[in-house]
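Below: one structure, written as C-alpha cells.
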Amino acid sequence: MAFASVTTSSDAAGAHALEARFTTLAGEGRKALVVYVTAGHPDRARSAALLAGLTDAGADVIEVGVPFSDPLADGPVIQASSQQALDQGMRLDGALALVDEVRPHAPVVLFSYLNPLLAAGPDVLARARQAGVSGLLVTDLPVGADPEREAWLGSDDLAFVRLVAPTTPVDRMREIARHGRGFVYLISRLGVTGERDALAHDLPETIARLRAATSLPIAVGFGISTPAQAREAAALADGVVVGSALVRAASESVDSALAFVRQLRAALDGAP
Amino acid sequence: MPELELAGPTETSDGRFGAFGGRYVPETLIPALDELEDALDIALADPAFLAEYHALLRDFVGRPTALTAAPRLSARVGAPVWLKREDLNHTGAHKINNTVGQALLAMRMGKRRIIAETGAGQHGVATATICAKFGLECVVFMGEEDMARQSLNVFRMKLLGATVVPVTSGTRTLKDATSEAIREWVTTVRESHYIIGSVVGPAPYPRMVRAFQSVIGQESRRQLLERTGRLPASVVACVGGGSNAMGMFAGFVDDADVELIGVEAAGHGLHTDQHSASLSKGTPGVLHGAMSYLLQDAFGQVHPAHSISAGLDYPGVGPEHAWLKDSGRARYVAVTDEAALRGVALLSRLEGIIPALETAHAVAWVADAAGRWAPDAPVLICVSGRGDKDVNTIIQHELPSV
C-alpha cells in the first residue's frame, strides 16, 4: 500500500487516503461513488449505523455534513436533515466524534459551511485528522475569497476539495484546480442541492471544459438522484456525488439508505 | 448634479472593510458578482446613468426629502434636533433609494427578473414598486412570521404585481427570507438580479447599497449647512442591516468632528438572549456572504434575533458598520422594545410624525440622552420610515404618556 506510515489510526485517514482511493479506482477503470450524509440525521444512533454500513454497500468516499443553522447552498431535503440534527444537539465536534467512533473504511470528507469551522478554533483541522477525516469541503468559501483562511484550511494533512460551477469561466477553473486537492467537485447545475428529474443538458460540455483545466479527478454532484442518472454522469466524469436522495432514504431507514447505495454501486459498475 | 459616494475612506480594493465583508458564497455566484461589480463601476462613472437615477429620485420618489426642525423634542433633549424625513419618500421609507438604483442597474445588465428578500416589507414594497414602474418581474421572499405581522405590506406588494413567496424554514423571519432569496438567485442567476435591501451580503452589495443610500447623508449635510451654517454634533440612525445609517453616515464620515451613532434593537434587553444587537453583543462570523458581527453560539450556529421591529430583527449587520465600530469612527448603542414604543409616542405627539418602529429606536436613544449635548449643538436623526405599517403591532401595547 502507498501509505505504510499509518500505524494506529484507520488506513482511511489523511489526504493521501483520498488520493489513493481515486488512484486505485482509476487503475481498476471504475467510477467513484461519493455519498453525502448529514451527521446526526435522523438521529445519532442511526447516523452511526449508516456511516458504518456505507463502505460495504459500495461507497468509495463519504461526505459527512456538519449541520448549520443557515445552509444557503442546500435545498429542502438537506436543510431539513440539518435542522433535525441540530435540534438533537449535533454540532461540528459531535460530527468528528461520530466519525472517530465509526472509523468508516472509505475516506471521509468533512462537508461544512465556513462559520462552524471558524468557531471551532485553529486546532479543528488537527482534530478532524485525528478523528480519521481525509478531506474538507467548504460550501461558502470560493477560491480567492479569503486567501488567509483558505491557506489555513489547506495547511493540515487534509485534502481541501474545491468546487467548480457551470457558471465558472475556464480561466477560473484552472485557478480553482490549482488550489484544490483530492478531487474537484463539479456542481452539475445552477441551484442548490436537491433531486432532479434529469441531468443538466450542458453537463458534457462543462465537464469537457473542466477536464481541459485540471488533471485532478472530477466528481459530479447536485441533482443526481437515481442509479440511471448516476451512471450517465459517471460516464462523463471520474465519479458522482449523491446527497439529497440518500438523505431522503436515510429519513426512512438505514436499510433503505444502504439498499439505495448498493443500487448506485451496481449502476456505476455497469451491472446489467 | 450630486455625485454618489462611490468608495468611502473605509473601503479596500478587494471588497473588504478591514477584516470584514468579502464574498463567502457558493462558487456558482462568483461570476455574477464579478459581472455586477463591473456593471456597477461603469454605471456609477456614467453621467447618463446618474442623470436617470437622480431624475427618478426627484420625479418618482419625491427627493430631496425635507429636513424638519423638531422644536418640542429639542426642548426635551436640550439641543436642537433635526429630522431627515426619509418617511416622506414614495412608499414611506428610505428603501426605495436603493431599489431605484439597483433596478436601473439590472436593466443595464439585461436582466428583467428581480428577486428580493424583505423583513418589515418596506424593501419588498419598494422593490415591487420600481418593478411595476419598469415592467420587471418581481419575486419577494418573506418569512411567514413577518407576513403575519406585516400583512398590509404583503397586500401592497401583491397589489403592485409582485409574487410574495412565504418562507417557512428556520425562524421564518428576515434571516431565512434572505437565505431563500440567495437560493433562488443561485438557481436563476443567468436571468435574475437579486436586489438586497441593506448594506449586507457579498461584495459589491454593501458598497453598492451604501452608494445608492448616500443621497440621505449628502442631502442632510447640505440642508443643515444651509439652515444652521454648521455641521451636526451627532448623527443618529437605527441599525438592523444598517442601510439608512450607512447612507446617512456616508455624508459625514469624512467630517471627523461629527459623532456617528448607530442604534441597535435591544429587544427584551441586552442581558437577555432576545435582542438584535449584533454590534453590541455579537462576535465576528460569516452569514449571507459577508464577514461581520453576528449573533451566534459557541459552535458558530447563528442565534435567532428578536426585535419588536421586523426591520431590525436580523442577527447580522453590514460589514462596513463592523469596521466603523472596530475603528472607533462610529459608536453603537442599543434600545429596548419598550423604549422604542416610547420613541413612537414621543415623535407622534411632540412633532406630529408617526415613525416606523425601526426609526423609533433612534428617537428613543436621543430622548434618553437628553442633556449630553451643548444647547446649540445640532443633533440629526434619520427618520428612516413612517409608522403606518406598524400600527397592528403598536396597537397591542399601551403607549407611555409623554
Legend entry - Chain lengthening between B:ARG227 and B:PHE60 when straightened (0.36 nm per residue, less Cα-Cα): 57.6 nm
Legend entry - Bridge type composition, region B:205-354 - antiparallel percent by DSSP, nearest 5: 35
Legend entry - Computed over region B:269-364, Kirkwood Rh from alpha-carbon pairs, angstrom: 14.1
Legend entry - Relative pair counts by distance (%), Cα atoms of region A:161-272, 10 Å bins: 15, 45, 31, 9, 0
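Give a quick list of trypsin sites (Lys or Arg not before Pro) in region B:129-234 that DSSP marks as loop, anything other than H, G, I, E or B, with at most 12 other Cβ atoms within 10 Å.
B:ARG190, B:ARG230
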Inset, instruction - Using only Cα atoms, figure out Rg for chain B and give it as a multiple of 2.2 N^0.38 Å. - result: 0.89
Legend entry - Computed FRET value (nearest 0.05) for A:GLU205 with B:MET109, which takes r as the C-beta separation and R₀ as 25 Å: 0.55
Legend entry - Rg and Dmax of chain A, Cα atoms only, in Å: 16.8, 49
Legend entry - Sum of -39500 (n - 2.57) over DSSP H runs of 4+, divided by residues of chain A (222 nm, nearest 500): -14000 deg cm²/dmol
Legend entry - Descending semi-axes in whole angstrom, ellipsoid equivalent of region B:63-209, from the Cα gyration tensor: 29, 18, 15
Inset, instruction - Could you tell me which of B:PRO26, B:GLY269, B:GLY387 has its Cα farthest along the dipole of the protein assembly as shown towards the positive end, charges placed at Cβ (Lys, Arg +1; Asp, Glu -1), taken about the Cα centre? - result: B:GLY387
Inset, instruction - In Å and from the alpha-carbon atoms only, list the Rg and Dmax of region B:1-130. - result: 17.8, 55
Inset, instruction - Starting from 0 in steps of 5 Å, tell me what percent of the Cα-Cα pairs of region A:1-159 lands in each bin. - result: 2, 9, 19, 22, 21, 16, 9, 3, 0
Inset, instruction - Let me know the charge dipole size of chain A about its Cα centre in debye, to the nearest 20, where only the beta-carbon of Lys, Arg (+1) and Asp, Glu (-1) is charged. - result: 420
Inset, instruction - With θ set to phi - 60°, apply the Karplus curve 6.51 cos²θ - 1.76 cosθ + 1.60 along region B:39-44 and write out the HN-Hα couplings as whole Hz, x wherever there is a Gly or Pro. - result: 4, 5, 5, 5, 5, 5
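Using the Cα centre as the reference, give the magnitude of the dipole from point charges on the C-beta atoms of the protein assembly as shown (Lys, Arg: +1; Asp, Glu: -1; all else neutral), rounded to the nearest 20 debye.
840
At 4 °C and a viscosity of 1.567 mPa s, what translational diffusion coefficient does Stokes-Einstein give for region B:167-289, taking Rh as the Kirkwood radius over Cα pairs? Give it in µm²/s as a whole number.
Estimated diffusion coefficient is 79 µm²/s.
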Legend entry - Size of charge dipole - chain B - debye, nearest 20, with Cβ of Lys, Arg +1 and Asp, Glu -1, no other charges: 800
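Can you give the convex hull volume per residue for the Cα atoms of region B:234-302, as a whole number of Å³?
105
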Legend entry - Under the Karplus curve 6.51 cos²θ - 1.76 cosθ + 1.60, θ = phi - 60°, whole-Hz ³J(HN,Hα) for region A:128-133, x wherever Gly or Pro sits: 5, 5, 5, 7, x, 7
Legend entry - Euclidean distance of C-alpha centroids, region B:233-279 and region B:309-352, integer Å: 5
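Report the calculated FRET efficiency for B:HIS271 and A:VAL170 (r = Cβ-Cβ distance, R0 = 45 Å), to the nearest 0.05.
Working from the Cβ atoms, E equals 0.25.
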Inset, instruction - Using amide H atoms built 1.01 Å from N in the peptide plane, name the residues 5+ places from B:GLU117, or on other chains, whose amide H lies under 5 Å from its own. - result: B:PHE141, B:GLY197
Legend entry - Rounded, prolate or oblate (a/c below 1.5 giving rounded, otherwise prolate when a/b exceeds b/c) for region B:362-402 by Cα gyration tensor: oblate
Legend entry - Unpaired by the 4.7 Å Cβ criterion, cysteines found in chain B: B:CYS238, B:CYS382
Legend entry - Descending Cα extents along the principal axes, region A:65-160, whole Å: 32, 31, 23
Legend entry - Computed over region A:107-221, Cα set: Rg, Dmax in Å: 14.5, 43
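Report the far tail of the P(r) of region B:62-133, meaning the percent of Cα-Cα pairs longer than 17 Å.
54
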Legend entry - Extension gain from B:THR163 to B:GLU144, taking 0.36 nm per residue of separation minus the Cα-Cα distance: 5.4 nm
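Determine the order of B:GLU184, B:GLU35, A:GLU150, B:GLU398 by accessible area, beginning with the largest, at a probe radius of 1.4 Å.
Greatest to least solvent exposure: B:GLU398, B:GLU35, B:GLU184, A:GLU150.
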Legend entry - Antiparallel %, DSSP beta bridges [both residues in chain B], to 5: 30
Inset, instruction - Quick one: what are the phi-derived ³J(HN,Hα) couplings along region A:78-93, Karplus 6.51/-1.76/1.60 with θ = phi - 60°, whole Hz, x for glycine and proline? - result: 6, 3, 5, 5, 5, 5, 4, 5, 4, 4, 9, x, 6, 10, 4, 4
Legend entry - Bins of 20 Å from zero: percent of alpha-carbon pairs in the protein assembly as shown: 19, 49, 26, 6, 0
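The values are calculated or read from the model by the stated rules, or taken from the named source; none is laboratory data. Note that the coordinates shown come from a computational prediction; the quantities given were computed from them, not determined experimentally. Heads up, the Cβs are rebuilt from the backbone with ideal geometry, glycines too, and the neighbour counts pull from every protein chain shown. In case anyone asks, the SASA skips ligands and DNA or RNA and just uses the protein heavy atoms, side chains included. Shrake-Rupley method; radii C 1.70, N 1.55, O 1.52, S 1.80 Å.
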